[in-house]
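Structure first, commentary second.
The values are calculated or read from the model by the stated rules, or taken from the named source; none is laboratory data. Because the structure is a prediction, the values reported are computed rather than measured. Methodologically, a virtual Cβ is constructed for each residue, glycine included, from the backbone with ideal geometry; neighbour enumeration extends over all protein chains shown.
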Amino acid sequence: MDHSLQIALIVVYSGAVLVLVSAMIGLSSVLGQRHSAPATRHPFESGVVTVGDARVRFPAQFYLVAVFFVIFDLEAAFIYAWAVVAREAGWAGYIEIIVFIAILLAALVYLWRVGALDWTPQRSRPPQRRHG
């Protein structure tokens, strides 16, 4: 195909997309329903009418546990991929996955020791002993 023909086809395609999107938005605003019942403005989630403020503050531990879950979930996917090719990887692959799991366990123990997985409030925790 000629280069100028390809560019012309891209321009025609882009124009058709813009016309279609504009028509869809325009027709929905012209033909759409217009009512302003009081319940229209209220958020509705899974069949339950919300109560209270939507801006609830979550403790930082919630976000930490969520990040740890994502990290360890990705590592589980990596271990699954290794298990699929375990025979082909041989002893070298086995040693590598053992080192990988040891590093993961060390990270989990570290997180546990520094209290990153502890959900109890700070004031109700027993005092930490300092090793030194």
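For segment 1-54, enumerate the residues that are modelled with pLDDT of 95 or more and of a type in the set (Phe, Trp, Tyr). Within segment 1-54, Tyr13 is the sole residue that qualifies.
Evaluate the following for Glu96: is it surrounded by 12 or more Cβ atoms within 10 Å (Cβ to Cβ), of a type in the set (Asp, Glu) and either modelled with pLDDT under 90 or out of contact with any Ser or Thr (no Cβ under 7 Å at 6 or more places or on another chain) (or both)? Yes, satisfied. Inspection of segment 101-116 finds a residue satisfying the criterion of being assigned to a loop (DSSP other than H, G, I, E, B) and surrounded by 12 or more Cβ atoms within 10 Å (Cβ to Cβ). So for segment 75-85 (the condition being in contact with a Leu (Cβ under 8 Å, 6 or more places away or on another chain), in a helix (DSSP H, G or I) and touching a residue at least 40 places away in the same chain (Cβ under 8 Å)), does at least one residue qualify? Scanning segment 75-85 turns up no residue that is in contact with a Leu (Cβ under 8 Å, 6 or more places away or on another chain), in a helix (DSSP H, G or I) and touching a residue at least 40 places away in the same chain (Cβ under 8 Å).
Residue check: Arg57 meets all listed conditions (1) in a helix (DSSP H, G or I); (2) at pLDDT below 85 but one, namely (1).
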